[in-house]
Every structure is written in C-alpha cells, then in structure tokens.
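Report on one structure; see the data block that follows.
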Amino acid sequence: MKPNLHVQRILRVLLLVHLASTVALCQDTPMFRGDLTHSGIYAATGVPRLKGAKWTFRTQGEVVSSPAIVDGTVFFGSNDGNFYAVDQATGTKKWSFTSGSRIPSSPAVASGLVYFNSYDGNFYALEAADGKVRWKFKNAGERRFAATHLHGSMPVGETMPDPFDVYLSSPAIWGGSVYFGSGDGNIYALDAATGVLKWKFQTGDVVHASPAIVDGKLFVGSWDSYFYSLDAATGKEIWRFKTGEDHDIHNQVGIQSSATVADGVVYFGCRDSNFYALDAETGKTRWTFSNKGSWVVASPVVQAGKVYFATSDSALLHVLDAQSGAPIDVLAFKWAIFSSPSIAGGLLYLGGQDGKLVAIDLASRKPVWVFETEGSRQNLATFSKADGNPDYRVAMRSSFYDDILSGTTKLHSVGMILSSPVVSGTVVYVGSTDGNLYALE
C-alpha cells in the first residue's frame with residue numbers, strides 16, 4: 001500500500017502543477033486593452049521579477065499590433081502584411097494569413113472569429129481555429145492623416161502623410177456587432193457573423209482610434225478634432241466634444257489616443273497636448289490637464305481613484321487624481337511613449353520608443369525591472385546622446401519631409417515598443433518594431 005500512496009501523492013502534485021500552469025495560461029484578453037472599456041487592467045499575476053523571454057516570435061515586419069489572447073492562442077498582426085496565431089505556451093506558429101498590406105490593428109476575438117483592420121482597405125473576420133476567411137468588408141479607402149506643412153516640414157504647400165500615424169483602429173465587439181474606425185473617416189458597425197453593414201457614421205477626417213463601448217454608447221475620437229459619443233445600436237450621435245486645432249503645421253491637432261471609460265467618465269489624450277476627462281452622459285468637461293506641448297497618443301489606465309497616462313516627446317508618466325485631475329506624481333523617462341500602460345498584480349507596465357519595457361511598482365512608483373528588445377540592445381546607442389536622450393540629428397538631416405520620413409524609419413531600428421503590453425497569467429506579451437513579439441516571464 002505504501003508505494004501506491006506514494007504514487008498517488010506524486011500524481012496529486014503533478015495535477016496541481018498542471019492546473020496552476022493551465023490557470024496561468026487561460027486568462028483571456030480578447031480585445032485591445034482587454035475589454036470594451038479599454039481599462040488596460042488585467043486579472044493576472046504578472047511578472048514581479050523578470051527572468052527573461054519565455055519565447056520570442058519573429059516576423060518580417062514591425063509589430064505595432066497589440067496581441068489578443070484566447071483559449072491558449074496569441075493573435076496579432078505584423079507590418080509584414082501577415083496576421084499570426086501563435087501557441088501561447090511555446091510561441092510556435094499555429095497559422096498565418098496574408099493580407100494585402102500592413103496590419104497595425106490590434107485584433108478582437110469572439111465566437112470563434114478573430115477580427116482586424118489592414119492597410120489594404122479591408123476589415124477581416126477569420127476563423128480563429130485555422131485562419132480561413134469567414135468574411136471581409138471593403139471600406140472607402142484606408143489612409144493616414146495628411147496635411148500641408150506637417151510638423152513644420154518642407155515644402156510648405158505639399159500634402160504629407162503623417163509618419164507618426166502608426167496605428168489602425170482596433171475593433172470592439174458588442175451586441176452581435178463589430179465596431180471600428182477607418183482612414184476613410186467613417187465609424188462602422190457590421191454584423192459580427194456576416195460582415196453586413198448595420199450603420200456607418202461619417203466624421204471629418206481619419207479615425208484610427210479604437211472605439212470603447214459602455215452602456216450601449218460608443219466613444220471614439222477622430223483626427224477632425226472632435227470626440228464622439230454615438231448610440232452603438234443605431235449610430236446616432238449623442239454628443240460631440242471639440243478639442244484643439246492647428247491650422248499652420250497641423251502638429252497640435254487630432255485624437256490618436258483611444259479612450260478609457262471608468263466610473264461614468266471618459267478619459268483620453270489628444271495631440272493638442274491636453275488630456276481630457278469628460279462626463280460620459282453629457283460630454284461636458286470634468287477637467288483638463290495640459291501637457292505643455294507634448295502629445296498624448298497612448299490610452300490611459302484608471303485604478304483606485306488614480307489615472308495614469310504617458311506623453312510622447314516629453315516622455316512622462318503622469319499620475320493624477322481621477323476625479324479632480326490634480327497631480328499626484330510624475331515619472332520621467334528619456335524617449336517618447338506611444339505604447340499604452342497596463343496594470344496587473346500591483347505593477348504598471350510601460351513601453352517606450354527606446355525599446356524598453358519598464359515594470360513599475362504602483363505602491364512605491366519605482367521601477368522594479370526593465371526589459372530591452374533586441375533592436376534596442378543593438379541600435380539604441382547609435383541614436384542616443386551621452387545622457388541617454390534621443391539624438392534625432394543622427395537620423396534626420398533636415399526638416400525636408402523626405403528626410404523626416406527616412407529618419408523616422410531609421411529610428412524604428414531601435415526596436416521601439418509601440419505595441420501595448422498584454423498580461424496573461426504570469427507572462428507579459430508585447431510587440432516591437434524590431435519585428436518580434438515577446439513573451440516575458
């Protein structure tokens with residue numbers, strides 16, 4: 001009997017280990033920022049102490065897309081034009097699908113289908129199991145935000161696509177419909193099962209922010225300088241809110257940030273260098289926080305009465321009182337931040353354009369570990385000053401648009417983290433412009 005009891009104890013231990021590992025992998029994150037409110041808060045243990053990369057999956061293009069994770073599969077797009085499904089435990093490819101262009105859209109997964117936007121002008125619904133096309137929807141023409149004299153570039157009279165318009169709208173799924181914005185200026189609602197158009201709402205410019213949906217209301221901003229609340233069932237406008245404009249160099253204009261909705265308040269950043277808190281019912285201003293010229297491209301995260309958001313060029317992580325907007329703390333970094341912060345297990349995860357992912361303890365608001373992408377380890381020093389700040393003169397020779405465009409491309413070799421970190425179980429997943437999707441433990 002003793003050997004049998006011993007064997008039984010071993011089997012029980014193995015079962016517990018298996019169950020623990022299964023729980024660590026099964027925390028689904030089916031859409032951008034985890035849920036329809038874009039909370040960025042994950043019910044996961046996270047990575048309190050970094051061991052390193054559990055696995056790395058290499059693509060042939062920049063990974064700007066933030067992954068969705070459902071049933072042990074990691075779904076994401078790459079700027080190599082492919083959409084990937086990867087085994088969550090091993091990083092092994094399950095399948096890939098080739099679209100006609102870049103895929104910087106973050107996917108959403110529901111009812112056995114995975115949805116995403118592509119720069120080929122199509123919105124796709126694929127079978128999550130094997131990547132076969134269930135349906136696709138053609139918009140009126142995907143494009144980037146464009147303007148004359150953009151960011152002060154020369155020549156003054158030439159219309160130029162914005163090289164910092166790096167994302168496509170990521171879908172939200174609610175009530176049997178899938179919702180997304182488009183470069184054609186429309187916000188679309190399609191039947192999630194068939195792709196049949198239910199309604200579309202025309203804004204005045206590109207919509208690359210991702211819609212949040214709360215209590216049957218859709219919240220999203222456009223590059224036309226307005227933030228919109230729509231009835232998600234009908235597409236009827238409930239209210240709109242005006243942000244700033246810039247009629248000269250079109251630098252301080254446009255809503256690139258996707259909103260977060262919490263406790264009846266809509267929080268979002270704008271390229272007019274302001275961060276806004278609006279009443280979700282009325283669209284009236286609760287408060288506004290000035291970033292003194294710096295864009296807010298990243299989405300915020302709200303927890304325990306505090307709102308956390310990052311700025312672009314000034315590279316600051318602000319901590320404000322969520323109700324009043326009063327400053328609580330600020331953390332300074334060196335390179336611009338486009339990636340949205342995420343929270344799990346008492347840590348905030350933040351990616352920077354220096355190719356570094358930082359884990360910050362929320363209690364002390366001190367960094368506890370830093371992960372550096374392959375691109376950052378190889379190329380960061382080339383584009384940095386002695387103090388670690390970016391040296392844009394190395395990449396950009398002049399203010400002529402062509403030089404700015406080529407310089408921006410060179411800077412992407414640093415392995416920038418434009419993707420937003422996703423936390424599932426005891427692993428953090430994030431993409432990089434060095435072409436990799438990283439699973440960190």
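Read the figures in this text as sums done on the coordinates, not as results from a lab. Remember, it's a predicted structure, so these values are computed and weren't measured experimentally. Cβ placement follows ideal geometry from the backbone for every residue including glycine, while neighbour counts extend to all protein chains displayed.
Observations on the model:
- Length gained on full extension, Asp313 to Tyr392, computed as 0.36 nm times the residue gap minus the Cα-Cα distance: 27.3 nm.
- In the chain, inverting the average of 1/r over every pair of distinct C-alpha atoms gives 21.9 Å as the Kirkwood radius.
- Distance between the 7 Å Cα→Cβ label points at Lys93 and Asp263: 4.6 nm.
- Between the stretch 152-167 and the stretch 230-309, the alpha-carbon centres lie 23 Å apart.
- In order through the stretch 122-138: 3J(HN,Hα) via Karplus (6.51 cos²θ - 1.76 cosθ + 1.60), integer Hz, x for Gly, Pro: 10, 9, 10, 10, 10, 5, 5, 6, 9, x, 6, 6, 7, 6, 9, 10, 8
- Bridge orientation summary for the stretch 2-440: considering DSSP beta bridges with both residues in this region, about 100 percent are antiparallel.
- Cα-projected label distance for Thr382 with Thr194, points at 7 Å along beta-carbon direction, nm: 5.3
- According to the calculation over all Cα-Cα pairs in the stretch 139-207, the P(r) per 5 Å bin from zero is 4, 16, 21, 19, 15, 10, 7, 5, 3, 1 %.
- Legend: residue pairs Lys93/Lys306; Lys136/Lys356; Lys334/Lys410, Cα-Cα distance threshold 27 Å; pairs beyond threshold, Lys93/Lys306; Lys136/Lys356.
- Local net charge near Arg286, Cβ-Cβ under 12 Å (Lys/Arg +1, Asp/Glu -1): -3
- Size of electric dipole in the chain: Cβ of Lys, Arg +1 and of Asp, Glu -1, about Cα centre, debye, nearest 20: 1260
- The residues packed around Glu245, meaning those with a beta-carbon under 14 Å from its beta-carbon, carry a net charge of -3 if Lys and Arg are +1 and Asp and Glu are -1.
- The stretch 25-80 - Debye-derived log10 I(q)/I(0), Cα point model, q = 0.22, 0.29 Å⁻¹: -1.08, -1.23
- For Trp95, distant residues with modelled amide H under 5 Å away: Ala85
- Rounded if a/c under 1.5, otherwise prolate or oblate - the stretch 225-349, Cα gyration tensor axes: oblate
- For the stretch 346-441, the Cβ-based charge dipole about the Cα centre amounts to some 180 debye (Lys, Arg positive; Asp, Glu negative; other atoms uncharged).
- Net charge contributed by nearby residues that have their C-beta within less than 11 Å of Leu411 (K/R +1, D/E -1): -1
- The chain: angle of helix 401-411 to the longest principal axis, Cα-based, in degrees nearest 10: 20
- Longest segment of the chain lacking trypsin sites (Lys or Arg not before Pro) that sit in a DSSP loop with at most 14 other Cβ atoms within 10 Å: 133-235
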